[in-house]
Amino acid sequence: MDAVADKHLIDIEALDEAMASGNPLVPIFRKARTEADQTLQARFLEGTPASELVPLRAQLVDALLLRAWDLHFSDVTRPVSLVAVGGYGRGELHPGSDVDIMLLIGDATPEAIASQIEGFLMFLWDIGLEVGHSVRSLEDCVRESEQDITVATNLMESRLLAGDPALHERMVEATGPEHVWPSRDFFEAKWQEQTARHAKYHETAYNLEPNIKEGPGGLRDIHMVGWVAKRHFGADTLYDLVGIGFLTEDEYRDLRRGQHFLWDVRFALHIAAGRREDRLLFNYQTELAAQFGYKDTEHTLAVEQFMQRYFRTIMRLSRLNEMLLQYYQETILLKDDIEPPALINKRFQSIRGFLEVTHPQTFRRYPFALLEVFLLLQQNPQLKGVRASTIRLIRQNRNLIDDRFRSDIRCRSLFMEILRQPTGITHELRRMHRYGILGRYLPAFGRITGRMQYDLFHAYTVDSHTLMVVRNLRRFTVPEHMHEYPMCSAIIARLPKPELLYLAGLFHDIAKGRGGDHSELGAEDAYTFCVRHGLSLYDSRLVAWLVRHHLLMSMTAQRRDISDPEVIHDFAQQVGDQLHLDYLYLLTVADIRGTNPSLWNSWKDALLADLYKLTKRAMRRGLGNPIDKDELIGETQQAARRRLKASGLHHMTVRSIWRHFTDDYFLRYSAEEIAWHTGAIARVDRAELPLVMIEPQGSRGGTEVFVYTKDRNDLFALTVSALDRLGLNIQDARIITTEDGHTLDSYLVLEDDNSPVEGEYRQREVVEAVREALSSDGPLQSPTPRKLPRRLQHFNTATQIQISEDAYNDRNVLELITGDRPGLLSHVGHVFSRLGIGLQNARIATIGERAEDAFFITDTDGGPLSPARREELLDTLKAELEEDDDVMRRADGV
């Protein structure tokens with residue numbers, strides 16, 4: 001029974017003496033387990049690696065289970081065995097791991113020993129063990145293994161703890177590959193299982209809060225290698241694969257180093273959470289970064305350094321997993337598929353549909369072949385991939401990619417040729433990254449590999465995001481995807497050199513983490529690369545310009561009022577010509593879509609498209625002949641009148657309504673929207689105000705909520721509070737006051753999942769809630785404190801408020817950067833109402849955990865704020881938001 005190798009972990013003799021004392025057993029066992037777990041945790045925090053502690057905890061549990069088994073089953077004479085399965089069967093237990101056991105029964109029925117089983121399991125739970133259990137006969141094991149590959153895998157890793165050895169041996173034999181799940185079927189099933197598991201995590205391990213066990217490159221991928229080795233080769237350990245030539249010593253060391261690091265992370269995670277937790281959540285990332293010894297530097301946070309190490313580790317493990325599964329496929333699935341190799345050129349051949357080198361020294365003799373591999377895969381779509389032996393040679397020869405290699409005209413030509421191919425660009429760039437070639441050829445790309453940004457805006461690491469952007473650009477060119485973004489597909493079809501766009505995508509974030517402006521530094525890198533790769537000076541400057549200005553279009557669209565002709569003219573001058581506009585628009589759409597899956601929505605789509613079209617129109621007129629404000633208003637009114645006439649509304653009625661509308665209204669709404677508003681106002685009785693309407697699929701993307709009513713100071717605060725209580729996200733607000741004291745306000749809203757407001761009941765709910773809020777005659781109520789969502793609790797965004805002049809429009813612009821939170825706009829509106837601030841327009845942007853909003857405001861007289869009023873507004877708004885933040889964080893215990 002003395003199963004614990006470390007005598008300092010648990011005093012076995014003292015435990016046995018305590019058991020013999022006649023005192024209650026549950027407290028004795030619980031105390032022994034608790035003290036031993038505390039000892040393990042203390043050792044870990046003092047620096048003992050998890051690779052030493054994980055087996056020790058399994059041995060500790062062995063000792064407790066063996067004694068508990070003897071207490072409950074010593075009188076049972078029929079064959080029954082206690083078997084450890086799963087991770088516990090492998091002898092691996094982390095602090096929060098489940099203790100998975102199976103009670104294997106022979107000729108006894110479960111009912112015959114039900115009291116012993118119940119007493120045993122209750123005892124284990126009472127002493128604080130998290131037990132996962134099953135009770136099975138031999139027949140059950142066989143039947144359930146045949147039906148479920150997971151059961152077969154668990155039993156394959158089983159380890160006898162107590163009971164009848166012969167019974168356990170019969171179970172192992174009956175569920176072995178000779179009878180259940182032969183190695184070929186087992187491999188195919190586990191491969192499909194891994195593919196489905198990876199798809200669940202979007203095929204990338206680079207998620208903001210990765211799962212260290214189930215995500216790509218995680219511990220489960222290492223288990224996968226071991227399971228197939230055990231099933232097919234009978235290998236008990238990963239090192240056995242070295243002896244049979246499936247792993248080199250270096251690869252084995254890489255696997256073990258990766259596994260041990262992930263074990264350290266998982267051990268620390270379980271301690272920090274106080275339970276089993278395999279998700280590396282934000283609230284644990286900073287804690288673990290400090291525990292692992294990382295410190296903030298001038299340009300990089302400690303948590304970003306820690307997470308970069310994590311992401312680079314799982315990337316290396318993913319590469320090894322891919323190579324070894326390729327070996328398994330060739331050995332297990334394709335062993336009977338015998339065909340002679342087909343020569344492609346003197347360096348490469350195809351065998352069984354896979355690319356391989358013609359000689360083990362190919363890469364030594366022809367280093368440029370390290371890039372040629374990927375071009376051949378593009379040019380020969382019938383190839384299914386690269387042979388495992390060739391993948392290994394690529395890994396072993398990556399060190400050949402040095403300055404001399406990068407200066408070789410053949411290598412430069414091959415890289416550009418890869419970017420100019422009609423198909424396979426994204427696929428092969430990603431393969432180059434997985435094989436470790438892309439980061440070698442572009443050292444700056446190697447430096448951003450695994451680099452995360454500790455925020456909620458960037459959902460992927462910089463390298464993963466970069467390749468996602470290139471993928472999005474390529475997707476615009478694929479015929480079967482043209483229906484997704486038809487405008488982008490039409491524009492990219494006109495580009496003379498789409499490879500310049502892909503280069504801009506590769507370089508747009510390549511300088512992140514260096515300090516300084518990453519757009520400027522990246523532009524310098526891009527220009528140097530392009531010139532060295534034989535591009536013309538014009539093309540090189542174009543790529544560098546795109547990298548330098550890759551944020552220009554999104555910032556203009558989301559932070560400035562693009563209904564203002566001056567804004568459009570200014571943007572058009574910065575862009576210069578139609579070609580630059582085409583390239584920039586495509587890069588902007590691809591960049592936003594590749595930053596965060598939840599970031600792109602119909603409003604952003606419409607906003608960028610509007611900016612593109614307005615800029616294109618300005619360029620056609622000529623930048624020296626900007627569109628006149630009165631001319632634009634006249635065009636819009638004429639188009640709206642045509643619509644209203646077609647609907648049967650008399651022109652004198654239209655004139656009567658419009659005579660109170662300001663120029664600003666006709667500048668900021670489209671003819672379609674104006675006709676909709678005017679028609680509704682003509683039909684409504686003034687006594688029935690407020691008029692609230694909803695357009696589920698507005699022309700600006702999303703759902704438009706329109707309000708026409710008598711103006712009042714608290715109108716914005718009441719409206720946004722009502723919309724916020726409905727769980728709607730406000731994307732944009734247009735606030736117009738007529739000359740006779742009415743408002744023409746519209747709010748662009750989306751549901752939490754970025755979808756428009758759909759369904760008649762939901763739409764009616766929105767209209768009624770806003771109408772009820774605006775019909776209230778009581779004083780404006782303070783916003784109700786709300787709970788801060790978990791993901792936002794771990795970010796502290798300092799509130800920044802800036803008020804600037806918008807002299808052309810005789811108003812101010814208030815720019816607010818603060819931590820996002822429920823009810824934020826309600827607080828802003830409440831302050832505006834209290835201080836009598838007029839609101840004309842609002843741009844609402846949520847950037848991960850940060851809100852970056854712009855409000856176009858006036859004083860009570862309709863003009864800009866005086867310096868004293870600015871100061872008052874700044875102080876009041878900052879105090880309001882800081883108090884709200886304190887209240888929420890105290891409520892959440894943050």
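Rule-based calculations on the coordinates, nothing more; no lab input. Remember, predicted model here, so these are calculated numbers, not experimental data. Don't worry about glycine lacking a Cβ; one is built from the backbone with ideal geometry, like all the others, and counts go over all protein chains shown.
Could you check what % of the DSSP bridge pairs in the chain are antiparallel, to the nearest 5? If I count the DSSP bridges inside the chain, around 85 percent turn out antiparallel. Segment 8-71 and segment 270-293 have their alpha-carbon centroids 24 Å apart. With 10 Å bins beginning at zero, the pair-distance distribution over Cα atoms of segment 48-151 amounts to 13, 44, 32, 9, 1 %.
Normalised by the number of residues in segment 620-686, what is the relative contact order in percent for Cα pairs under 8 Å and 6+ residues apart? Mind showing how you got there, number by number?
On the way: 34 pairs, mean separation 27.0, N = 67.
Once normalised by length, the contact order is 40 percent.
Relative intensity of segment 249-397 on a log10 scale, I(q)/I(0) at q = 0.12, 0.13 Å⁻¹, equals -0.69, -0.75, per a Debye sum over C-alpha point scatterers of equal strength in the absence of solvent.
Averaged over residues, the count of other Cβ atoms within 10 Å places the peptides 585-597, 529-541 in the sequence 585-597, 529-541, highest first.
So if each residue of separation counts as 0.36 nm, and I subtract the Cα-Cα distance between Arg309 and Asp296, what length gain in nm does that give?
Numbers: separation 13, 0.36 × 13 = 4.68 nm, distance 1.46 nm.
Roughly 3.2 nm would be gained on extension.
Would you work out which of Ala42, Tyr310, Thr858 lies farthest towards the positive end of the dipole of the chain? Charges go on Cβ: Lys and Arg +1, Asp and Glu -1. The residue sitting farthest along the positive end of the dipole is Tyr310.
Amide hydrogen proximity for Thr738: with H placed 1.01 Å from N in the peptide plane, the residues at 5 or more positions away or on another chain lying under 5 Å are Thr743, Leu744. In this structure the amide hydrogen of Ile837, modeled in the peptide plane, comes within under 5 Å of no amide hydrogen from residues 5 or more places off or on another chain.
The label point for Asn23 and the one for Lys710, both projected 7 Å from the Cα toward the Cβ, are 8.1 nm apart. Looking only at GluC sites (Glu not before Pro) in DSSP loops with at most 15 other Cβ atoms within 10 Å, what is the longest site-free stretch of the chain? By the stated rule (loop sites, at most 15 other Cβ atoms within 10 Å), 485-738.
Each Cα pair under 8 Å and six or more residues apart adds its sequence gap; the mean of these over the residue count of the chain is a relative contact order of 6 percent. In straight-distance terms, cross-link reach from Lys384 covers every one of the lysines whose alpha-carbon lies under 19 Å from its own, apart from those fewer than eight places away in the same chain; here that gives Lys335. Note on segment 463-609: Rg/Rh from Cα positions, Kirkwood definition for Rh, rounded to two decimals, is 0.95.
Of the chymotrypsin sites (Phe, Trp or Tyr not before Pro) found in segment 58-107, no site is in coil according to DSSP while having at most 16 other Cβ atoms within 10 Å of its Cβ. Taking the Cα of Glu672, stepping 7 Å toward and past its beta carbon, and measuring to each backbone N in segment 754-776: which are under 18 Å? Counting only backbone N, you get 756-758.
Using the scaling law 2.2 N^0.38 Å as the reference, what is the normalised Cα Rg of segment 446-497?
So the Cα radius of gyration is 1.44 times the expected 2.2 N^0.38 Å.
Quick one: in segment 401-554, what % of C-alpha pairs are over 24 Å apart? Provide the component values of the computation, followed by the final result.
Numbers: 3640 of 11781 pairs.
That tail contains 31 percent of the Cα-Cα pairs.
Using just the alpha carbons, could you tell me how many Å³ per residue the convex hull of segment 24-73 encloses?
On the way: hull volume 2.4 nm³, N = 50.
Each residue corresponds to 47 Å³ of Cα convex hull volume.
Considering only Ile592, Ile391, Thr175, and ranking their Cα positions along the charge dipole of the chain that arises from unit charges at the beta-carbon of Lys, Arg, Asp and Glu, the one farthest toward the positive end is Ile391.
Apply the membrane-span-like helix rule to the chain: whole DSSP H runs, Cα extent along the own long axis of at least 20 Å, mean Kyte-Doolittle hydropathy at least -1.0. List the helices found. Passing helices, by number: 25-46, 50-73, 249-273, 302-328, 518-532, 578-593, 602-621, 760-774. The charge dipole of the chain, taken about its Cα centre with unit charges on the Cβ atoms of Lys, Arg (+1), Asp and Glu (-1) only, comes to about 3340 debye. Extending 7 Å from the Cα toward the beta-carbon at both Arg143 and Leu874 defines two label points whose distance is 7.7 nm. In plain terms, the C-alpha convex hull of segment 1-84 casts an average shadow of 6.1 nm² when viewed from every direction.
For trypsin sites (Lys or Arg not before Pro), no site in segment 416-502 is both called loop by DSSP and has at most 13 other Cβ atoms within 10 Å.
Shown is the FRET efficiency for Val76 and Ala273, computed with R0 = 51 Å from the Cβ-Cβ distance and rounded to the nearest 0.05: 0.85. Once Rh is set to the Kirkwood radius over Cα pairs, what Stokes-Einstein translational diffusion coefficient, in µm²/s, holds for the chain at a temperature of 37 °C and a viscosity of 0.692 mPa s? After rounding, the answer is 103 µm²/s.
DSSP loop trypsin sites (Lys or Arg not before Pro) in segment 238-343 with at most 12 other Cβ atoms within 10 Å of their Cβ, which ones? Don't skip to the end; give the middle numbers.
Numbers: sites: Arg253, Arg256, Arg257, Arg266, Arg275, Arg276, Arg279, Lys295, Arg309, Arg312, Arg316, Arg319, Lys335; in loops: Arg275, Arg276, Lys295, Lys335.
Here the sparse-neighbourhood loop sites are Arg275, Lys295, Lys335.
The Cα atoms of segment 61-212 give a gyration tensor whose axes a ≥ b ≥ c have a/c of 1.5 or more with a/b no greater than b/c, which makes the shape oblate.
With the largest listed first and rounded to whole Å, the semi-axes of the equivalent ellipsoid of segment 531-621 from the Cα gyration tensor are 23, 18, 10. If R0 equals 56 Å, the separation of the Cβ atoms of His179 and Met487 corresponds to a calculated FRET efficiency of about 0.40.
Here r is the Cβ-Cβ distance between Glu805 and Arg642 and R0 is 41 Å; the resulting FRET efficiency, rounded to 0.05, is 0.60. Over segment 76-120, all Cα pairs binned in 10 Å intervals from 0 give whole-percent P(r) values of 25, 43, 27, 6, listed from short to long. Find how much the distance from Glu35 to Glu768 grows on full extension, using 0.36 nm per residue of separation minus their present alpha carbon separation; answer in nm with one decimal. The Glu35-Glu768 span can extend by a further 257.8 nm. Under 12 Å from a label point set 7 Å out along the Cα-to-Cβ vector of Ser775, the amide N atoms of segment 652-688 belong to 688.
Give me the tail of P(r) for segment 383-485 as a percent: Cα-Cα pairs with distance above 20 Å.
Numbers: 2614 of 5253 pairs.
Every Cα pair in segment 383-485 considered, those over 20 Å come to 50 percent.
What nm value, rounded to one decimal, do you get for the distance between Gln574 and Arg655 when each label is placed 7 Å out toward the C-beta? Going by the 7 Å Cα→Cβ label model, 4.3 nm. Averaging the sequence gap over all C-alpha pairs within less than 8 Å and six or more residues apart, then dividing by the number of residues, gives segment 802-867 a relative contact order of 38 percent.
How much of the calculated P(r) for segment 375-430 lies past 16 Å, in percent of all Cα pairs? It would help to have the intermediate numbers written out before the result.
Details: 840 of 1540 pairs.
Looking at segment 375-430, the distances longer than 16 Å represent 55 percent of pairs.
Let me have the 222 nm mean residue ellipticity of the chain computed from DSSP H runs of 4+ only, each contributing -39500 (n - 2.57), with the sum over all residues rounded to the nearest 500.
On the way: 39 runs with 477 residues, N = 894.
That comes out to -16500 deg cm²/dmol.
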